[in-house]
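Participant: Here you go, one structure.
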Amino acid sequence: MRRKCALLLGLAASLSAADIKTPPWEKPIEAVGRDLFRENCAVCHGLPGEPETAIAKGMFPKPPQLFRGIGVTDDEPWETYWKVDGGIRMTGMPGFHDQLGENRMWQVTVLLKHADKISPAVKAELASPVGALPAAAPAAAAPPSAGAPAKN
């Protein structure tokens, strides 16, 4: 435990606010961060106004519900980014470095930093069914059944 604390303190000391360029809070980032959060984070960390999922209830340690209370809005952006990037050992929190890349991890980080400031419309979009968002991709056509002739 002492080693972990020392590593975190060393990381914090080596990363000053001047070294980290956090993206500005803008509406397009809010929308992209919303979509990324829904796709990658919501199953464990919840959505505004929605009950905790069965997956989150079954996890130990419990993942924080990021739109209830202060979530991570009181964390420095670099700390949230660091958690998204590398995950948190000995928990169910995976790292998303290879899946999301730097820009998209910052977009999620900015959304979470400002989770207490997002608009009611974005909160409603976060909590809406997945297919209800206007930006949702259309469902792929079902393959023809084995006995049906293919249409040309």
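Participant: Count the net charge of all other residues whose Cβ sits under 11 Å from the Cβ of Asp116, scoring Lys and Arg as +1 and Asp and Glu as -1.
Facilitator: On the way: positive: Arg68, Lys113, Lys117, Lys123; negative: Asp74.
Its environment carries a net charge of +3.
Participant: Name the trypsin sites (Lys or Arg not before Pro) in segment 23-104 that are in a loop by DSSP and that have at most 16 other C-beta atoms within 10 Å, would you? Don't jump to the answer; show the numbers that get you there.
Facilitator: Values: sites: Arg34, Arg38, Lys57, Arg68, Lys83, Arg89, Arg104; in loops: Arg68, Arg89.
Of the trypsin sites (Lys or Arg not before Pro), the ones in loops of segment 23-104 whose Cβ has at most 16 other Cβ atoms within 10 Å are Arg68, Arg89.
Participant: Hey, another quick one. What full-extension length gain, to one decimal in nm, is calculated for Ser128 and Arg68 as 0.36 nm per residue of separation minus the Cα-Cα distance? Display every interim value, and only then the final one.
Facilitator: Working: separation 60, 0.36 × 60 = 21.60 nm, distance 1.69 nm.
Taking 0.36 nm per residue and subtracting the Cα distance, the gain is 19.9 nm.
Participant: Can I ask one more? So what is the relative contact order of segment 20-130, in percent, for Cα pairs below 8 Å that sit 6 or more residues apart? Mind dumping the intermediate values first?
Facilitator: Details: 134 pairs, mean separation 41.1, N = 111.
Dividing the mean separation by the residue count of segment 20-130 yields 37 percent.
Participant: When you have a sec, figure out the Kirkwood radius of segment 20-130 from all distinct Cα pair distances and drop it here in Å to one decimal? Write out the running numbers ahead of the final one.
Facilitator: Values: mean 1/r = 0.0714 Å⁻¹.
One over the average 1/r among Cα pairs gives 14.0 Å for segment 20-130.
Participant: Another question about this same structure. Please report the net charge: other residues with Cβ closer than 15 Å to the Cβ of His97, K and R +1, D and E -1.
Facilitator: 0
Every number in this text was worked out from the coordinates using simple rules, so none of it is lab data. Every value quoted in this text rests on a predicted model; they were computed, and no experiment measured them. Neighbour counts are summed over all protein chains in view; Cβ atoms, including those assigned to glycine, are modelled from backbone coordinates with ideal geometry.
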